[in-house]
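Asker: The following block contains the structure, expressed as structure tokens.
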């Protein structure tokens, strides 16, 4: 599948260009590999968040709770957050602010499509029925939103090199919907555990799936070492000399000025948002103390982060 970024509608090209390839990766990791679903997801993001990853819906039914519509996904209600957490393994229940991070928000959107049985409808070209499920929980719901999303999907199909003939013919008969398939998802209970979710296997020529790097485990140093002694004499137990790392002049001077900060090394699963919340500092303060970070969504295991006290 080729992604034609030049085919993005002109009004959304400056904002959407940076997130389209990330959307494809997030949906593939959730097991969704149909380009028509990618096009529908782009159309729904266009009319829900306008490709703004920091937007929050203050007027929905869950606006006064942690589970309001946030970021690119705009998923609401505690029940949806819980189901998405169980399906993806990302704890959105404990960290709802992860919805403001584009990658996690797109993972949540893909999981929402799978949970509510929207993927088969989108693959059949029944875009308005899928929009009705997403907006009101039923495929027969119609509004200006459902029509706009269905029409925008036809424009976004060209971005993913999808032949629009079959999609347009299916869309032309959307007012005679058949009964959509019943979603196979059932909430987990004590007597009805959640079934294991198996993503669709990737094709041979498809890009490799993302694998998380192994978690860094620092080497364990021995507390004491044996000093070298002549042969035939018992060893003498000595404490090792205290290690003092060499600090460059520029770094040392900056550390003298910011003596009220401490150092933290990035571990697996960390993000700048989770590090800021763990140490009780604001996200902007954390960024201002780490000018070396050029991309807030691209930090690696072992990176040094300065935490203000």
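Asker: Provide the descending list of Cα extents for region 1-84 along its principal axes, expressed in whole angstroms.
Answerer: 41, 29, 16
Asker: Taking the number of other C-beta atoms within 10 Å as the exposure measure, put 78, 155 in order starting with the fewest.
Answerer: Placing the least packed residue first, the sequence is 78, 155.
Asker: Give me 58, 294 ranked fewest to most by other Cβ atoms within 10 Å of their Cβ, as a rough exposure proxy.
Answerer: Details: 58 9, 294 6.
Lowest to highest Cβ neighbour count: 294, 58.
Asker: Oh, and also: With no solvent and one point on each alpha carbon, what is the Debye value of log10 I(q)/I(0) for region 49-95 at q = 0.18, 0.24, 0.32 Å⁻¹?
Answerer: Debye output, listed in q order: -0.51, -0.86, -1.16.
Asker: Across all directions of projection, what mean area in square nanometres is found for the Cα convex hull of region 5-176?
Answerer: Result: a mean projected hull area of 9.0 nm².
Asker: Would you mind getting me the FRET efficiency between residue 18 and residue 288? Use the beta-carbon distance for r and R0 = 30 Å, nearest 0.05.
Answerer: The formula returns an efficiency of 0.80 here.
Only the coordinates and a few stated rules stand behind these numbers; no lab work does. This structure is a prediction, so every number in the text was calculated from the model and none was measured. Heads up, the Cβs are rebuilt from the backbone with ideal geometry, glycines too, and the neighbour counts pull from every protein chain shown.
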